[in-house]
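Enquirer: Quick one: structure below, then a few questions.
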Amino acid sequence: MRRRCSISLALVLAAGCTGAIDGGSKPGGGPPGGGPPTETPAPAPASAVPSGLRRLTRAQYLNTVRDLFGAVQLPGDLDRDDPEAVFSSVGGYRITTSPAGVLKYEDAAYAIAHQALAGGNGAVGCDVQQAGCAATFVKSVGRRVWRRPLTDVEVARYVKVINDVSKLLGSPDAGFEHALAGLLQSPNFLYLPEIGEGGPGRTRFTSHEMASRVSYLLTDSAPDAELSAAADRSELVTAAGLRTQLERLLGSPRARGSLIGFFGQLLDLDQLDDLSKDPDVYPQGSPALYAAMRTETERLIEETTLTRRASLLDLFDLRQAFIGPELAKLYGLPAPAGSGPVALPPASERGGVLTTAAWLAVQAKPYSSSPTLRGVWVRERMLCEDVPPPPPNVNNVLPPPSDRTGAPRTTRQVLEDHRRDPQCNACHGIFDPVGVAFERFDGIGAHRTSEGGQPIDTSGALDGKSYRDVGELLALLKADPRVTDCLVRQVYRAVTGHERLTGEDEVVKALGPGFKARPDFRDLLGQMVGSDWYRAPGAPL
């Protein structure tokens, strides 16, 4: 592979890494969006989304290749996404590609191109021996791969690659394969250019940039044929044109995975893929169980937010479970006869996504529960508070239950001793009194009433408001206006791909009251994507 690539590597890389990354111009001249901006008023500087380049996530890359070329073998060793980002869209702006990662993309590009064109002329779409076939191929395939029409200069560059490689290797097929590999290595494919067009104070994202922004936000893949056609007609630079496509996509089956994925990222469900629990403490742990946990939580989210279009806040106290045999055993419930939702018993303390085994197992240690992790998550993800890191040189690792000495103590009691140190209490006093509400669920999400032979106390307080158990805490959260504001803020971060922009406060102030009155996730998403600030870029960060 490397030897074949190196034959014309300079040609292919030159074609793949040069050109108008900002969208260039239409073949024959003119901006891709179609003329100077006339309809979108310039937003307040704070609310505009910074311009820049966003790398495709692994899922977006794989989805795009699958949609472009069908049943090809997909690469499995691409660079990972930013592990520190809550939302993959944020990570796409922050991540950098390592030198080894560049080589992975190169190998993947050649492997995909080889498979995609293995059918000869039929796969190319024209007779490779005809003079005009190279230009036809580059225009057609390049338009789909780069998600916009190529300029005349770009078309000529890739036609030259086809001709030069064909002569060098004595094979027209090789020329077309190298040209496609170059298109797939280009930043025009690997990144989403979000630069905009127009003059000072009148800038907007181009119609093709908007098509990609909306498509990757809602479907995690490239624009479909209808969205691409609307982009070619310059319809997506207008509020009405964007709204038409937005409503279509929000109701499309293609969007369900991405919309559910927002909550999956918020809940850290990806951690279930490689979750590790101490087998001596939790012998029931298995990949099959963790997969069932994820499925249950995703189905609860889908049923509530998309199927029934219920209040987003209902996720705090749903009295349903989607369980198979593995989860039924963990939950202490009879195995269900079908695949639909199961009503939880009235006496059950389980209810809502924060009492699913998925969330409880992720927000725990391999060998025990963790009121600290669970409390920090509530503070950061549901209240949008900044939780400071532990002070330097402070041991913040509690011993596992098996290593504790002296009289039996619950995890709560150990944490209370820990907080007697003023340095520790400064932070633990903020989140531990919240996290103890979940202590009747162990580190894998099973219910319990005692720990180490000691009864478990789940009472606590949320900023001066007392609760006795997890149900009362979740009721406090559901009624807390900070939670709805935080959810608006979290959706804004996922939509823009940036954290802590100054525009967050403007958006929360504008959309928060309406979302409190009707906490509908799809409506909130639609309002954000349909806003002027979503179509108008600000200065790069």
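The values are calculated or read from the model by the stated rules, or taken from the named source; none is laboratory data. Here the structure is a predicted model, which means the values were calculated and not measured. Quick reminder, even Gly has a Cβ in these numbers, built from the backbone with ideal geometry, and neighbours come from all protein chains shown.
Enquirer: Only one of (1) touching a strand residue (DSSP E or B) at 6+ places or on another chain (Cβ under 7 Å); (2) under 20 Å from Y110 (Cα atoms); (3) surrounded by 23 or more Cβ atoms within 10 Å (Cβ to Cβ) fails for Y191. Which number is that?
Expert: All conditions pass for Y191, except number (3).
To keep it simple, each residue is scored yes or no on (1) surrounded by 12 or more Cβ atoms within 10 Å (Cβ to Cβ); (2) closer than 22 Å to T355 by Cα; (3) touching a Pro at 6+ places or on another chain (Cβ under 8 Å).
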| position | (1), (2), (3) |
| --- | --- |
| V376 | yes, yes, no |
| E380 | yes, yes, no |
| C384 | yes, yes, no |
| P400 | yes, no, no |
| T405 | no, no, no |
| T411 | yes, yes, yes |
| G429 | no, no, no |
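Enquirer: Right, here's the next one. Determine whether E197 is touching a strand residue (DSSP E or B) at 6+ places or on another chain (Cβ under 8 Å), of a type in the set (D, E) and assigned by TED's automatic domain parsing to the domain that holds R243.
Expert: It is true that E197 is touching a strand residue (DSSP E or B) at 6+ places or on another chain (Cβ under 8 Å), of a type in the set (D, E) and assigned by TED's automatic domain parsing to the domain that holds R243.
Enquirer: Look through the stretch 418-441, keep the residues that are assigned to a helix (DSSP H, G or I) and at pLDDT below 80, and return whichever of them is nearest to S370 (Cα to Cα).
Expert: H428
Enquirer: Of the conditions (1) within 27 Å of V237 (Cβ to Cβ); (2) out of contact with any Phe, Trp or Tyr (no Cβ under 7 Å at 6 or more places or on another chain), D469 clears all except one; give me its number.
Expert: (1)
Enquirer: Read through the list (1) under 30 Å from T410 (Cβ atoms); (2) touching a Pro at 6+ places or on another chain (Cβ under 9 Å), then give the number of the only condition that G538 fails.
Expert: Evaluating G538 over (1) under 30 Å from T410 (Cβ atoms); (2) touching a Pro at 6+ places or on another chain (Cβ under 9 Å) leaves (1) as the failure.
Enquirer: What are the residue pairs meeting all of these: first residue in the stretch 153-164, first residue over 12 Å from G182 (Cβ atoms) and assigned by TED's automatic domain parsing to the domain that holds G132, second residue crowded, with 21+ Cβ neighbours inside 10 Å and hydrophobic (A, V, I, L, M, F, W, C), Cβ atoms under 7 Å, and 6 or more apart or on different chains?
Expert: These pairs meet every condition: V155/V138; N163/A134.
Enquirer: Out of the stretch 82-93, which residues are among the β-branched types (V, I, T) and not in a loop (DSSP other than H, G, I, E, B)?
Expert: Selection gives V90 alone.
Enquirer: Taking the stretch 94-110, which residues are in a helix (DSSP H, G or I), closer than 21 Å to R80 by Cβ and touching a helix residue (DSSP H, G or I) at 6+ places or on another chain (Cβ under 9 Å)?
Expert: Passing the criteria: V102, L103, Y105, E106, D107, A108, A109.
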